[in-house]
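Student: My questions will all concern the structure given below.
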Amino acid sequence: MQYLSTRDSNLRVSASEAIVRGLAPQSGLFVPESFPKADLEGWKHLSYPELAQKVLEGFLTDYSVDFLKKATETTYGNAFEGKAGRTVKVHDGLYALELWHGPTCAFKDYALQLMPKLLVEAKRNLQRTETTRILVATSGDTGKAALAGYAGLQGIEIAVFYPNAGTSEIQRLQMVTQTGENVRVYAVEGNFDDAQTGVKRVFADTEVAAELEERKIRLSSANSINWGRLVPQIVYYFYAYFRLAEQGSVAWGAPVDFCVPTGNFGDILAGYYAQQMGLPVGKLVCASNKNNVLTDFIRTGTYDARRTFHKTTSPSMDILISSNLERLLYHVSGSSDQVANWMRELSEHGMYTVDPKTLQAIQKDFAAGFAEDEAGAEEIRARYEQDGYLCDTHTAVAFRVAETCRTTAPMVVLSTASPFKFPRDVLAALGAEVPAGDFAAMKALTDKTGEPAPRNLRVLDQLPVRFSDVIAPSEIRAAALR
């Protein structure tokens, strides 16, 4: 399997090269040249680690089968407490794929517990001995998951950039208390888009690359712009479908719809890849919060980032530039030149409009909607009072949007974070008195619902803060060179 760039389809690299590089030249993203065919009958009874191995074998063809077997076994075992890919019924026809039972209580663990192993092995495959410096822009969850995955690894350094005052207090503490001599964390004045744009500029800066090369350092990424971040997320779509079929909730071969709370478009794109491999996916429903640039795009074909940025109670979705949409545009248009033009228009003018054929192809597989904070809060309360199901603010947005996009197919909502990562907002939604601090709120949420808070969240306020730097977006370049 070879990988090409969304902005230059003449470029061809191996999976190992794509994962080590992270970003293609001219800020393109690596995409697979084709989609391996899934063996649905052969895979349907596999355990989560076994299924992950099979999916990865189709895409990472220059990795040994023995390595993939060991990597998936060690990743998806104890770290997920036996709940990898757990899918639960909320009410008739509606299900939650709970992706937050990993070490950092967010869906990013599925990729970022495995990706470090993929990167180290890729360097071995390519006989690369330089230090890899990973730059990560995060809207909240990716940062901690990446830090946890890469901390302490030989030959790896990682710097995380998050929007100052743009995450929950628990998300911030997860990052700034991270241990490890090879990690750095920076708060960036502005929003996630400022951080992500700054990091992308560093990757495109030839002077930075040359200076680091002299020091035997090369840059890479752990954001979902890196193929190694995206490919592990394909697995849980298959696993959820197999469990529904096993339970008799869907007839074998009949479609299932998935609703995904969406920011950078990576998680929902993994569902599209599963569909392209042959999984019976009906609609992929893109759920946004008040920053609804994706909703408007999927409905109209115009991507317009020239709008007010809103801080919401679902901060991991507070994004106006959704990087992975570029991959979808390449797959449906088939033209790297056209994608490069659209991305140039976005960079220079803040917007672009796709042609009718491309929009029609997107709308064939995708639907979209958005829910503001008030609607999300109503959904948290409704799901708890009517179904006994407790969810976080991001999942609540998806539940609300899912109801507006229901078909006759079963609907699976991707539940992307523990409700205890956002305890004050969840408590407020339930109509309870909200303490001033997140940790008191965690206890109050447990008292009200009987649900225990994950231990690795409860102890955060007892850990020493290691990182307190606040920098301007223009200083990301200098931080990347330190």
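The values are calculated or read from the model by the stated rules, or taken from the named source; none is laboratory data. What you see is a predicted model, and the numbers here were worked out from it, not measured in a lab. Please note: Cβ atoms are built from the backbone with ideal geometry, for glycine as well, and neighbour counts cover all protein chains shown.
Student: Return only the number of the condition from (1) under 28 Å from residue 145 (Cα atoms); (2) out of contact with any helix residue (DSSP H, G or I) (no Cβ under 8 Å at 6 or more places or on another chain) that residue 380 does not satisfy.
Tutor: (2)
Student: Let me ask something else about it. Scan segment 244-267 and give yes if some residue there is buried (at least 24 other Cβ atoms within 10 Å of the Cβ) and part of a helix (DSSP H, G or I), otherwise no.
Tutor: So far as segment 244-267 goes, yes, one or more of its residues are buried (at least 24 other Cβ atoms within 10 Å of the Cβ) and part of a helix (DSSP H, G or I).
Student: Taking the condition of being of a type in the set (S, T, N, Q), more than 19 Å from the chain's Cα centre (by Cα) and surrounded by 17 or more Cβ atoms within 10 Å (Cβ to Cβ), how many residues in segment 165-187 meet it?
Tutor: Going through segment 165-187 one residue at a time, the tally reaches 3.
Student: Still on this model: When you scan segment 188-208, do you find a residue that is surrounded by fewer than 22 Cβ atoms within 10 Å (Cβ to Cβ), modelled with pLDDT of 95 or more, within 21 Å of residue 464 (Cα to Cα) and in contact with a strand residue (DSSP E or B) (Cβ under 6 Å, 6 or more places away or on another chain), even just one?
Tutor: No, that holds for no residue.
Student: Would you confirm whether or not segment 222-231 contains a residue that is in a loop (DSSP other than H, G, I, E, B), surrounded by fewer than 23 Cβ atoms within 10 Å (Cβ to Cβ) and touching a strand residue (DSSP E or B) at 6+ places or on another chain (Cβ under 9 Å)?
Tutor: no
Student: Output the residues belonging to segment 376-407 that are touching a strand residue (DSSP E or B) at 6+ places or on another chain (Cβ under 9 Å), more than 19 Å from residue 452 (Cα to Cα) and not aliphatic (A, V, I, L, M).
Tutor: Within segment 376-407, 386, 394, 399, 400, 403, 404, 405, 406, 407 meet the criteria.
Student: Still on this model: Go through the residues of segment 123-130 one by one and say whether even a single one is under 30 Å from residue 188 (Cα atoms) and in contact with a strand residue (DSSP E or B) (Cβ under 9 Å, 6 or more places away or on another chain).
Tutor: Scanning segment 123-130 turns up at least one residue that is under 30 Å from residue 188 (Cα atoms) and in contact with a strand residue (DSSP E or B) (Cβ under 9 Å, 6 or more places away or on another chain).
Student: In segment 303-342, what residues are part of a helix (DSSP H, G or I), over 19 Å from residue 137 (Cα atoms), of a type outside the set (Gly, Ala, Ser) and within 24 Å of the chain's Cα centre (by Cα)?
Tutor: Selection gives 328, 329, 330, 331, 332, 339, 342.
Student: Can you pull out the residues in segment 425-440 that are out of contact with any Phe, Trp or Tyr (no Cβ under 9 Å at 6 or more places or on another chain), over 18 Å from residue 139 (Cβ atoms) and either part of a helix (DSSP H, G or I) or hydroxyl-bearing (Ser, Thr, Tyr) (or both)?
Tutor: The answer is 427, 428, 439, 440.
Student: I'm told residue 272 meets every condition in (1) assigned to a loop (DSSP other than H, G, I, E, B); (2) under 19 Å from residue 223 (Cβ atoms); (3) touching a His at 6+ places or on another chain (Cβ under 8 Å) except one. Can you identify the failing condition by its number?
Tutor: Failing condition for residue 272: (1).
Student: Tell me yes or no: at least one residue of segment 89-112 is within 23 Å of residue 14 (Cβ to Cβ), of a type in the set (A, V, I, L, M, F, W, C) and within 18 Å of the chain's Cα centre (by Cα).
Tutor: Within segment 89-112, one or more residues are within 23 Å of residue 14 (Cβ to Cβ), of a type in the set (A, V, I, L, M, F, W, C) and within 18 Å of the chain's Cα centre (by Cα).
Student: Of all residues in segment 1-60 being assigned to a helix (DSSP H, G or I), among the charged types (D, E, K, R) and under 23 Å from the mean Cα position of the chain (by Cα), which is surrounded by the most Cβ atoms within 10 Å (Cβ to Cβ)?
Tutor: My answer is 21.
Student: Still on this structure, please answer the following. Just to check your reading of the model, which residue among 65, 55, 90 is in contact with a strand residue (DSSP E or B) (Cβ under 8 Å, 6 or more places away or on another chain) and either within 30 Å of residue 17 (Cβ to Cβ) or at pLDDT 95 or above (or both)?
Tutor: One residue alone meets the criteria, 90.
Student: In segment 122-143, how many residues are loosely packed, with under 15 Cβ neighbours inside 10 Å and either assigned to a helix (DSSP H, G or I) or among the acidic types (Asp, Glu) (or both)?
Tutor: Within segment 122-143, residues that are loosely packed, with under 15 Cβ neighbours inside 10 Å and either assigned to a helix (DSSP H, G or I) or among the acidic types (Asp, Glu) (or both) number 2.
Student: Please work out if residue 180 is small (Gly, Ala, Ser), in a loop (DSSP other than H, G, I, E, B) and at pLDDT 95 or above.
Tutor: Yes; evaluated as a whole, the condition is true for this residue.
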